[in-house]
Amino acid sequence: MSELSNFIRTRKKANLTVVVVNIVIFIALSFMGDTENADFMYRHGACYLPAVENGEYYRLIVSMFLHFGFYHIVYNMLSLIFLGDILEIHVGAVRYLIIYLLGGIAGNILSLEVSRQTGSYAVSAGASGAIFAVIGALFYIALRNRGQFGDRNMKKLILVVVLMVMQGMVDKGVDGYAHIGGLIGGFILAVLLYHKKRSVNNYERL
């Protein structure tokens with residue numbers, strides 16, 4: 001129990017809050033109905049193109065905090081609890097939340113646009129688009145820091161990205177386009193929001 005308490009205490013606050021909100025919402029919905037049922041999830045805010053086109057834009061955000069079943073939320077939150085902390089360390093709590101939320105929205109928008117183009121409508125939900133926004137931002141930070149961010153390097157990050165994108169393209173029911181949209185959105189947002197810290201060896205003469 002003390003190890004768990006210490007683990008939670010050492011997490012970054014904004015990222016931990018996002019994780020807790022996701023878990024609380026999942027638990028609440030689990031008591032109310034079947035989180036693996038598309039109709040149930042639609043009624044509680046999941047993304048669906050006709051609904052969004054009808055003006056229900058809140059679904060672009062709400063759907064990011066909904067998950068289809070136990071394994072869906074466990075996989076996403078395990079990824080976020082570590083990746084999100086790394087990003088928050090580098091950009092701070094406010095910029096982290098901006099990247100997470102706007103990047104997740106970008107993922108949903110790309111997914112809906114692909115649905116529009118293909119005519120293949122599906123109810124979608126999950127934090128993975130926002131998580132990919134975190135990854136996209138970390139990728140940019142690694143580029144700015146010559147392949148390094150903390151004790152991790154760009155090769156490891158690229159491997160994570162490749163594996164997760166492949167999962168999105170191969171696994172049935174995984175929204176790969178939301179992943180790609182989030183990845184691109186997170187990268188662009190990091191370009192706008194991340195400012196590399198100056199080395200203590202850099203100075204200016206007055």
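The residues of region 91-118 that are surrounded by 21 or more Cβ atoms within 10 Å (Cβ to Cβ) and among the hydroxyl-bearing types (Ser, Thr, Tyr), listed by number, are 96, 100, 111. Restricting region 115-130 to residues that are assigned to a helix (DSSP H, G or I) and over 27 Å from residue 70 (Cβ atoms) leaves a set whose member that is modelled with the lowest pLDDT is 118. Within the span defined as region 157-173, every residue fails to be modelled with pLDDT of 90 or more and touching a His at 6+ places or on another chain (Cβ under 6 Å).
For region 86-98, residues that are over 12 Å from the mean Cα position of the chain (by Cα) and assigned to a helix (DSSP H, G or I) total 8. Residues that are aliphatic (A, V, I, L, M) and out of contact with any Gly (no Cβ under 8 Å at 6 or more places or on another chain) are absent from region 103-111.
Here is the figure for region 39-85: residues that are assigned to a helix (DSSP H, G or I) and hydroxyl-bearing (Ser, Thr, Tyr) total 5.
Would you call residue 101 in a helix (DSSP H, G or I), within 19 Å of residue 58 (Cβ to Cβ) and at pLDDT 70 or above? Taking the combined requirement at face value, the residue satisfies it.
What residue, among those in region 13-59 that are under 29 Å from residue 96 (Cα atoms) and either in contact with a strand residue (DSSP E or B) (Cβ under 7 Å, 6 or more places away or on another chain) or aromatic (Phe, Trp, Tyr) (or both), is surrounded by the most Cβ atoms within 10 Å (Cβ to Cβ)? It comes out as 47.
The values are calculated or read from the model by the stated rules, or taken from the named source; none is laboratory data. These numbers were taken from a predicted model, which means no experiment stands behind them. Note that each Cβ is placed from the backbone with ideal geometry, even for glycine, and that neighbours are counted across all protein chains shown.
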